[in-house]
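A quick write-up on the structure given underneath.
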Amino acid sequence: MLFSSTLLAQDQYIFGYGSLMNTKSRNSSDEKMQGVPNIPVTLSRRFVDSQGDSYVRAWNYRAGSGFTALGLRKVKHGQDITGVIYQVGESESDMANFDQREEGYTREKVSSEFIHFENPQDYIPADSQIWVYIPKESSRPVAKYPLLQSYIDICISGALEHSEEFAKKFITTTEGWDTEYWLDDRLLARRPWVYQKQYKQIHAILKQHTFLKNRKFSEEYAVFLGDQ
C-alpha cells in the first residue's frame, strides 16, 4: 500500500492504552520508531471526543484474528485512563502505519488539557496534536472472541516498562476482567517462565486486581465451550 509522504505541520503524538504501551509491539509497526520514548500519562476522565462522548477503557474490540482486545467504551461518566504518549514521524505515511495497524478503530483528536504526565519532568510542545484510537464497534468478549493471556502479557509488560504501580493502575482502570471467556494461550502455558520472563510479576498483579480464577488453559477452555 502506498502512502503520501507529505510532511505534517505539527508534532504528532498517539495516546496508547493497550498493546501500544509496549515498546516492542509499538515498534513493530514502524522500524523508525526505535529509540522513541513512551511517556507515561493519564487521560483525564473529563476527555470527550468530537461527538461529546465520554469513555472508559474496556475489553470491547473483537479483533479479526479471533480475540477481544482493549478499546474505549462510551459511558455517561468517563474514568481516568492510564497509558503512554509517543511521537510519530513527520510525514503522513508515518501516521498511516499506525492507522493501518489500528484498522477497525477511529482516530480521534485529544486536547492536551486532558493529558496529565505521570512524571513532572515530562512534556511535549504546546502546539502538538495528540490522537487516540477508538473502536468503531463495541462488543463484550464471547466464546469465539475471548481474552488472550498472550495479549494481556503484552499490555502489562508495556505498563511495567514504567513501574509496577503503573501496571496496577492499568488494571484497575480497565473494565471487563470478570468475563468467563479468558484463554491462557501462552506457549507452554503450564510452564510460562520458559517464554514469559515476567510471568510471576504479571500473575501477582492480575491475581490481586482481577477475576484471575476465570482464566482457563486451552483444554479447560475446550471443555468449557463444550458445556455451553
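The values are calculated or read from the model by the stated rules, or taken from the named source; none is laboratory data. Keep in mind that this is a model prediction, so the values were computed, not measured. All Cβ positions, even for glycine, are placed from backbone atoms using ideal geometry, and neighbour counts span all protein chains on display. We work out accessible area using only protein heavy atoms, side chains counted, and drop any ligands, DNA or RNA first. Shrake-Rupley method; radii C 1.70, N 1.55, O 1.52, S 1.80 Å.
Brief remarks on what is shown
- About the Cα centre, charge dipole magnitude for the stretch 14-108 (Lys/Arg +1, Asp/Glu -1 at Cβ), debye: 560
- Relative contact order, percent, the stretch 108-228 [alpha-carbon distance under 8 Å, six or more residues apart]: 23
- Excluding ligands, DNA and RNA, the accessible surface per residue across the chain is 52 Å² with a 1.4 Å probe.
- Here the stretch 130-191 has 50 percent of its accessible surface on carbon and sulfur atoms, given a 1.4 Å probe and all protein chains in place.
- Taking a Cβ cut-off of under 10 Å around Ser50, the surrounding Lys, Arg, Asp and Glu residues balance to a net charge of -2, with basic ones at +1 and acidic ones at -1.
- Rg and Dmax of the stretch 153-228, both derived from C-alpha coordinates alone, stand at 13.1, 41 Å.
- Charge tally for His116 (other residues, Cβ to Cβ under 14 Å; Lys, Arg +1; Asp, Glu -1): -1.
- Note on the stretch 66-171: with charges restricted to the Cβ of Lys and Arg (+1) and Asp and Glu (-1), its dipole about the Cα centre is near 760 debye.
- In percent, rounded to a whole number, the relative contact order of the chain is 24, using alpha-carbon pairs under 8 Å and six or more apart.
- The charge dipole of the chain, taken about the Cα centre with unit charges on the Cβ atoms of Lys, Arg (+1) and Asp, Glu (-1), comes to about 860 debye, rounded to the nearest 20.
- Modelled spin labels at Glu175 and Lys32, positioned 7 Å past Cα toward Cβ, are 3.8 nm from each other.
- For Pro192, neighbours were defined as the other residues whose beta-carbon sits under 12 Å from its Cβ, and their charges (Lys and Arg +1, Asp and Glu -1) total +3.
- Heavy atoms of Ser54 accessible to a 1.4 Å probe, total area in Å² rounded to 10: 20
- Once backbone amide H atoms are built at 1.01 Å from N, Asn38 has no partners under 5 Å, excluding neighbours fewer than 5 places away on the same chain.
- Dipole of the chain, positive direction: furthest Cα of Gly35, Val84, Trp177, with charges on the beta-carbon: Trp177
- Computed over the stretch 1-96, relative contact order equals 42 percent, with contacts defined as Cα pairs under 8 Å that lie 6+ residues apart.
- Charge-dipole axis of the chain as Lys and Arg at +1 and Asp and Glu at -1 on Cβ define it, positive-most pick from Pro125, Tyr195, Phe224: Phe224
- Residue-span extension gain [Ser65 to Asp49] - 0.36 nm each, minus C-alpha spacing: 3.0 nm
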